[in-house]
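Each reported figure results from applying straightforward, stated rules to the coordinates on display, with no laboratory input. Every value quoted in this text rests on a predicted model; they were computed, and no experiment measured them. Positions of Cβ are generated from backbone atoms using ideal geometry, with glycine treated the same way; all protein chains shown enter the neighbour counts.
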Ligand code: PEP
Ligand code: MG
C-alpha cells in the first residue's frame, strides 16, 4: 500500500465530482521538510514553531529563530508555509521557561495568553518571521485565541515590528497573511467578528474537541470516550464552514482528524476544502478523495445532521457510505 500511495504523489487531489482539495502537511522541525516533496503536499498548513524551543536547552535568540524560519522557507521551495506563533504551555512543555505548576495546564497560561504577557518574546518571534520572509510571503497564525481583542493586540505588535524594520531599511514581506486558530469554543460565538479581522481561520480540532467535550486530549480514559464524528462536533464544524462561506474567509483544519481517511471524508462532506495533516496521511487521504463524490455525501450527511430523531451514529452512516463507494 505504501507503494500505491507513493504513486499518487503527483496526482492532483480532485474529487470524483471535480472539487480541488488542498492537502497540506503539518511540520515543526527541519527533519520534516523533505516530506513535503515526498508526500506531494500543497504546502505546510501548520508549522509548530514551539518545537524549536522545546528541543533547545535555552531560549532560541532572534538570529537563531530567523535562520531557522529562513531555512524552512528555502526548503519549502515556493510551497506556502503557515507559521504558528509560539504555542507553549498545556501539553507543550519548554523546560527553561514556564516551570510553575498549574492545576489545569490546558486551561492555563499558555499559547497566545503567555505571548501577550511576555511581549518581548512575541515581538522577537514576529521580527524573526518578518525578516525571514523578506521579499516573499509571510503566512502566520495565532494559537488558542479566545477573544478577538487578542488578535488586535498581536496586530499592534506586528505593526510596530514592521515599522521598526522599515525604519532600519530592512526589506519586508511582499504579502502578509494573518490568521487565527479556532481551538477555543468561545470563538464559536464570535465567528463573524473573528472572520472580519483575519485573512484565514484554521481549526485546531485536537484542542477544539477537547474543550468542546471537556475531555483531556492527553488522558486515555476520556480522550476517546466521545466520537469526533458524532453529531455535536460535526455540527460545530459545520457552523464554522457556514460562517467562513458567509464571510468569504479562507478556512482550513489542521488537527489529527484531517489525517484519518474516514474523518477527512466527513470534513469534505460538511464543506471543508483545505486540510493539513501528518505527511504520512497525505497518500491515504488522497486515495479516499479521488473516489469520493462530495455532493452525494454532503446530501446524506447534512440530512443526518439535521435529523433530530435518528439514533444512528453518524460514524455508521459514513462507514456505510465509504463501503458502498
Ligand atoms: C490542534 O489543537 O488541533 C492543533 C493542530 O494544534 P496542536 O495539536 O499543536 O495543539
Ligand atoms: Mg492546539
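Return the FRET efficiency for the residue pair residue 11, residue 293: r is the Cβ-Cβ distance, R0 is 22 Å, and the value is rounded to the nearest 0.05. Working from the Cβ atoms, E equals 0.80. One chain, two ends: residue 214 and residue 235. Fully extended at 0.36 nm per residue, the span grows by 5.9 nm beyond their Cα-Cα distance.
For the pair residue 134 and residue 325 in one chain, pulling the backbone fully straight at 0.36 nm per residue adds 64.1 nm over the alpha carbon distance. For the pair residue 20 and residue 146, a Förster radius of 30 Å applied to the C-beta separation gives a FRET efficiency near 0.35, rounded to the nearest 0.05. Spacing of the modelled spin labels on residue 168 and residue 246, each 7 Å from Cα toward Cβ, amounts to 4.4 nm. Beta bridges per DSSP, both residues in the chain: antiparallel share near 5 percent.
Rounded to the nearest 10 degrees, the inclination of helix 261-270 to the longest alpha-carbon principal axis of the chain is 90 degrees. For residue 55 and residue 280, a Förster radius of 22 Å and the Cβ-Cβ distance give a FRET efficiency of 0.55, rounded to the nearest 0.05. Each label was represented as a point 7 Å from its Cα along the Cα-to-Cβ direction; for residue 186 and residue 300 these points are 4.0 nm apart. Gain on full extension, evaluated as 0.36 nm per residue between residue 159 and residue 107 minus their Cα-Cα distance, stands at 15.8 nm. Please give the Cα centre distance for the range 258-325 versus the range 202-243, rounded to the nearest Å. First find each Cα centre; the distance between them is then 16 Å. Classify the range 23-180 as rounded, prolate or oblate from the Cα gyration tensor: take a ≥ b ≥ c as the square roots of its eigenvalues, call it rounded if a/c is under 1.5, otherwise prolate when a/b beats b/c and oblate if not. Because a/c hits 1.5 or more and a/b fails to exceed b/c, the range 23-180 counts as oblate.
For the chain, the longest principal axis of the C-alpha atoms and the axis of helix 294-306 are separated by about 90°. Dividing the alpha-carbon Rg of the chain by 2.2 N^0.38 Å yields what? Relative to the rule-of-thumb radius for its length, the chain sits at 1.00.
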